[in-house]
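What follows is one structure encoded as structure tokens, with my remarks underneath.
The values are calculated or read from the model by the stated rules, or taken from the named source; none is laboratory data. Owing to the predicted nature of the structure, the values given are computational and were not obtained by experimental measurement. Every residue, glycine among them, receives a Cβ derived from its backbone with ideal geometry; neighbour counts consider all protein chains shown. In case anyone asks, the SASA skips ligands and DNA or RNA and just uses the protein heavy atoms, side chains included. Shrake-Rupley method; radii C 1.70, N 1.55, O 1.52, S 1.80 Å.
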Amino acid sequence: MFSFNSYRETDVDQYGIEVGGRKISNLRYADDTALFAKNHEEASKFIEELNKAGVSKSLKLNAKKTKYLYIGKNHQPISFEEENIEKVNTFKYLGSLKTDSGDNTNDINARIGMAKKRMQDLVNIWKDKTITLQLKIKIMKTLVWTVMTYGAEGWTIKKKQEKKINSAEMWFYRRLLRISWRERRTDQSILEELNEERKLLNYIKKRKLTFLGHTCRSKCTLMKNILQGRMEGKRQRGRPRINYFDNIKSWTQMTTREIYDVILERDVWRQMVHEAVRAANVLGSDAG
């Protein structure tokens, strides 16, 4: 990750990776910048060019604070000014953890941990007997769920992660009621006491579906290219991993082409989102 915004003096078009026929060389948000390159030679040249542009603006790249993440095999070190740049397997960009495997497990686990910490920080509220139970639930959803679901629109959720999210939700409810695990209360009895249903996972699904619709209808071609385009190269041998659109197709019971056709109609897609979340909620209730 690099903290430079001066690209005008750098010809970045020669660097980057191709997605859907479009070359993407960098992502920038304020002073948080991520660079993309096809191989270590290109990455080294890109860093040198970026540093030259920075020096012209009285900014210099710090090799010790620069990290790089490599995806794939045949890894080779990247150096800058005769100093090797540290290789990492994961790094945080805009509050979300990115890994060399492209898996969201670390990010989801980190979000669950941060949400549990927030839940513990609010222990005085959960102990307060003058606050009604319904108000405590609203406070939890406002102050805890928002921490838990930050960046969830970009998650690829597997069955294992679904179980973790459901378990985290019940942990929140138990802490809210100050129920110890020694009491051996069932999840169903807790939900009945709160007059609630499991909603956290479906809330995440709704956010992801809504964000997809907003992205595909927006005028930003970059987001559309990333979502709809194919990356150059070949994937590794073995069983294909679950990807972003596998979740969408599973929740809506539609093909990719059907999804793109429906998304263009805002009201139709909104109704589709409600139906998909409602169906998931029914299945979850039956499973419980």
request  = Test Asp107 against the criterion of being touching a residue at least 40 places away in the same chain (Cβ under 8 Å), on the phi < 0 side of the Ramachandran plot, surrounded by fewer than 16 Cβ atoms within 10 Å (Cβ to Cβ) and not hydrophobic (A, V, I, L, M, F, W, C), and give yes or no.
outcome  = no
inquiry  = I'd like the full set of residues that are out of contact with any Ser or Thr (no Cβ under 9 Å at 6 or more places or on another chain) and β-branched (Val, Ile, Thr), limited to region 50-95.
reply    = Val55, Thr66, Val88
key: Cβ pairs under 8 Å, 6+ apart, first in region 74-89 and closer than 17 Å to Ser101 by Cα, second surrounded by 11 or more Cβ atoms within 10 Å (Cβ to Cβ) and among the charged types (D, E, K, R)   = His75/Lys87; Lys87/Lys67; Val88/Lys67; Asn89/Asp100
key: Of all residues making up region 26-48, the number that are surrounded by 14 or more Cβ atoms within 10 Å (Cβ to Cβ) and among the aromatic types (Phe, Trp, Tyr)   = 2
inquiry  = Residue under question is Arg239, and the condition is that it be in a loop (DSSP other than H, G, I, E, B) and either under 21 Å from the mean Cα position of the chain (by Cα) or over 24 Å from Arg22 (Cα atoms) (or both); does it hold?
reply    = yes
note = If you go through Leu212, Leu201, Leu194, the only one that is under 26 Å from Asp128 (Cβ atoms) and either surrounded by fewer than 17 Cβ atoms within 10 Å (Cβ to Cβ) or of a type outside the set (D, E, K, R) (or both) is Leu194
ask   = So which of Ile131, Ile112 ends up being under 30 Å from Leu27 (Cα atoms), out of contact with any Cys (no Cβ under 8 Å at 6 or more places or on another chain) and either modelled with pLDDT of 95 or more or open to solvent by 30 Å² or more (accessible area, probe 1.4 Å) (or both)?
value = Ile112
task = Taking Ser189 as meeting all but one of (1) open to solvent by less than 90 Å² (accessible area, probe 1.4 Å); (2) within 27 Å of the chain's Cα centre (by Cα), write down the number of the exception.
result = (2)
message = Could you go through region 49-69 and let me know if any residue there is loosely packed, with under 15 Cβ neighbours inside 10 Å, under 30 Å from Ile108 (Cα atoms) and aliphatic (A, V, I, L, M).
response = no
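Listed here are the residues, each with its yes/no results for (1) aliphatic (A, V, I, L, M); (2) part of a helix (DSSP H, G or I).
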residue: Lys136; (1), (2): no, yes
residue: Lys141; (1), (2): no, yes
residue: Lys163; (1), (2): no, yes
residue: Arg174; (1), (2): no, yes
residue: Ile190; (1), (2): yes, yes
residue: Arg198; (1), (2): no, no
residue: Leu201; (1), (2): yes, yes
